[in-house]
Amino acid sequence: MCGIVGYIGNKDATNILIEGLEKLEYRGYDSAGIAVVNNHKINFAKHKGRLSILRDSLEKNNLEGNVGIGHTRWATHGEPSDLNSHPHLNPGNALAVVHNGIIENYLILKEELIEKGYEFVSDTDTEVIPYLLDYYYNGNLLETVQTVVSKLEGSYALGIIDKNNPDILIAVRKDSPLIIGAGEGENFIASDIPAILSRTRKVYLLENDEMAVLKKDSIEIMKTDGTKVDKEIYNVDWDVEAAEKGGYDHFMLKEMHEQPKAIKDTISPRIDKNGKVNIKEFSLNEEYMKNINKVYMVACGTAYHAGLVGKALIEKYAKIPVITDVASEFRYGNPFIDKNTLMIVVSQSGETADTLAALRLAKEKKAKVLAITNVVGSTVSREADYVFYTWAGPEIAVASTKAYTTQLVSLALISMDIAIKRGTTEGTIAKGIVEEIRELSEKINVMLKYIDEIKNMADNIYKSEDIFFIGRGLDYYLAMEGSLKLKEISYIHSEAMAAGELKHGTLALIDRGTPVIAIATQDKLYDKMLSNIKEVKARGAFVIGVVKESNKEIEKIVDKVVYIPEVKDELSPTLAVVPLQLLAYYVALKRNCDIDKPRNLAKSVTVE
Ligand code: M6R
């Protein structure tokens, strides 16, 4: 998704903007640009493609100045091109704007502007903003921006500069993330904290319909209607290295290795010294818990796959029916939501547009919403009634890994909390599960030692055109995650199947050498899985089995095997996903794919 950076101070803005944009690359983009004010003139450069193209062009033609804005674009309206890239300027190049979001009424605004004689040069929705600024400009940039913003419908995080007001930078936020960084004699705006973390740890989190006027030595925050806002500063307590690769070849590899710590950080504050779940931030009382008639679990992609496992846990221990849905479908159905419905939304970024829309619908219908998210201050976290943060640290690779495993343990703790409050699970059983949750961190460390075996498996399958993942029960949900991981970073077609469904159609695709990853970690379904594995073996499949370490006899049936340490069935996905993540990684590596930034994908999907 688009990334915004802005700078005002005494230093060379160009370097700071490019450095900030590099830190936002993980959001996904197809073009990049910057604009800088200098000597009452705006100079700009913008290009389709990677930041290196912009950097090369700036080497030939440096843009000098101490105030500027930068942008990485992920195309929505209009194809990726130099012209459609941001910043967008008014005719005459007096004002420049960077925008993240979608202006929903841009066609109407564009027509009105065309009637007034404006000629547009791009296909973007954004371009109406500098043109409206031009039309309403009265010399006072703040007032002009306020007038223009009142005409906009949709979502927008904006950074705006004006050659005639070279000592101010304006930021506006509605439904797209934007933060303000407070420095010494310099200030910043950005879509996300890593973009400015090497410059300052002091951050203001803008809320919807808020804006800020930044000068080099002051920041004034207000509502877009001009009402003053007093905002607390947020001190970032994680390290800049946490947002960088830290010696690994890719963020994805680094983030997989961070899973033991991420899990520990996520569960520790929620388990008391007696080994009981104590989720302070999730303060729904026993009476409410007892009256819950159903749970909706709504999310997208990997977060949805975590939600499926959460469903199994809540149903088993808290004895509440859980309806799972992908967020992009949820609100177009006819969900049965009332005040006794608990909605759980799961979102790493906390900015996924469909998940947010589902949350809003649930609130409208009076359900309580619990958000599981990884990003403090994200829109989902602000709009939900209750927030359970996964303390995984920034996840930069597009492929979600540590967010998934921390979502799994969060859902396990939440299911225990609800179960205890409802009295549906005995304390001793819950304590035993919590104890096992605590051991997961160490067990993941064991799984991460399989690298050589997995590399060898990757050698066997990386040339394949189709790879199948099969499982039953929770292993089927995990198969979905393994398959998604593989396809998104290696570009190999892959499907996840409930193993029992194979013979209802998909078995026809299994041929000599077809790789099948068979996950069989559920004790009560193990024998059934063995039959399914034999079915595909009989058709010549190359089978990689993922089983608990006590099931050594599988070696006689499959071609390769990965063992996971003994663990309760409900918790096995947290361990068994690790070899699947590693397999996806090493297959993608063998295929020379852009692992951290797979084609066509964005980290944070802020449009529907
Ligand atoms: O930020 P979110 O968790 O809401 O994102 C949801 C999906 O877009 C995300 O999990 C996506 O499927 C990942 N790229 C998968 O690795």
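With Cα atoms defining each centre, the range 130-154 and the range 306-352 are spaced 41 Å apart in the structure. Accessible-area rank, largest first, for Lys431, Lys463: Lys463, Lys431, with all protein chains present and a 1.4 angstrom probe. Measuring from centroid to centroid over Cα atoms, what is the spacing of the range 569-603 and the range 474-502 in Å? So the two Cα centres are separated by 11 Å. Rolling a 1.4 Å probe over the protein heavy atoms of the range 38-147, with every protein chain left in place, gives an accessible area that is 46 percent carbon and sulfur. Rounded to the nearest 20, the size of the Cβ-charge dipole of the chain about its Cα centre is 1440 debye, with Lys and Arg at +1 and Asp and Glu at -1.
When you count the other C-beta atoms within 10 angstrom of each residue and take the mean per peptide, 26-33, 357-364 line up highest first as 26-33, 357-364. Within the chain, helices built from complete DSSP H runs that reach 20 Å or longer along their own axis (Cα positions) and carry a mean Kyte-Doolittle hydropathy of 0.5 or higher are 402-422, 572-590. Shape class for the range 3-237, computed from the alpha carbon gyration tensor (a ≥ b ≥ c): rounded, with a/c under 1.5.
With 21 Å as the limit, the listed pairs Lys528/Lys548; Lys264/Lys402; Lys503/Lys590; Lys223/Lys603 have Lys503/Lys590; Lys223/Lys603 beyond it between alpha carbons. Solvent-free Debye calculation, one equal scatterer per alpha-carbon of the chain: log10 I(q)/I(0) at 0.07, 0.09, 0.13 Å⁻¹ equals -0.46, -0.74, -1.31.
Of the peptides 320-327, 531-538, 569-576, the order by per-residue mean of other Cβ atoms within 10 Å, starting with the highest, comes out as 569-576, 320-327, 531-538.
Is the C-alpha gyration tensor of the range 251-446 telling us rounded, prolate or oblate? Criteria: a/c under 1.5 is rounded; beyond that, a/b larger than b/c is prolate, otherwise oblate. Judged from the Cα gyration tensor, the range 251-446 comes out oblate (a/c at least 1.5, b/c at or above a/b). Antiparallel beta bridges, as assigned by DSSP with both residues in the range 220-358, represent about 15 percent of the total such bridges.
Restricting the range 1-85 to GluC sites (Glu not before Pro) that sit in a DSSP loop and have at most 16 other Cβ atoms within 10 Å of their own Cβ leaves Glu64. Surface exposure of the range 3-237, expressed per residue as accessible area with a 1.4 Å probe, stands at 39 Å². Taking Lys and Arg as +1 and Asp and Glu as -1, the other residues whose beta-carbon sits under 11 Å from that of Glu207 total +1. Which distance in nm do the two modelled labels at Lys524 and Arg512 give, with both placed 7 Å along the Cα-to-Cβ direction? Spacing of the two 7 Å Cα→Cβ label points: 4.1 nm. Rolling a 1.4 angstrom probe over the protein heavy atoms with all chains in place gives the range 451-590 an accessible area of 37 Å² per residue. Of all DSSP-defined beta bridges confined to the chain, some 60% are antiparallel rather than parallel.
Whole angstrom only: what separates the Cα centroid of the range 26-48 from the Cα centroid of the range 61-111? Distance between centres, Cα-based: 8 Å.
Placing a label point 7 Å from the Cα of Lys568 along the Cα-to-Cβ line, the residues of the range 259-273 whose backbone N sits under 19 Å from it are 263-273. Surface exposure of the range 251-446, expressed per residue as accessible area with a 1.4 Å probe, stands at 35 Å².
Compute the Cα gyration tensor for the range 374-447, then decide on rounded, prolate or oblate, letting a ≥ b ≥ c be the square roots of its eigenvalues: rounded whenever a/c is under 1.5, prolate when a/b is larger than b/c in the other cases, and oblate in all that remain. Oblate.
Using only side-chain charges placed at the Cβ, +1 for Lys and Arg and -1 for Asp and Glu, the dipole size of the range 3-237 relative to its Cα centre rounds to 520 debye.
In straight-distance terms, cross-link reach from Lys11 covers every one of the lysines whose alpha-carbon lies under 16 Å from its own, apart from those fewer than eight places away in the same chain; here that gives Lys215, Lys216.
In the chain, the calculated helix contribution to ellipticity at 222 nm averages -10500 deg cm²/dmol per residue, counting -39,500 (n - 2.57) for every DSSP H run with n ≥ 4. Given +1 at the Cβ of Lys and Arg, -1 at the Cβ of Asp and Glu and no other charges, the dipole of the range 451-590 around its Cα centre is 260 debye to the nearest 20.
The values are calculated or read from the model by the stated rules, or taken from the named source; none is laboratory data. Because the structure is a prediction, the values reported are computed rather than measured. Heads up, the Cβs are rebuilt from the backbone with ideal geometry, glycines too, and the neighbour counts pull from every protein chain shown. With ligands, DNA and RNA removed, areas are computed over all heavy atoms of the protein, side chains included. Shrake-Rupley method; radii C 1.70, N 1.55, O 1.52, S 1.80 Å.
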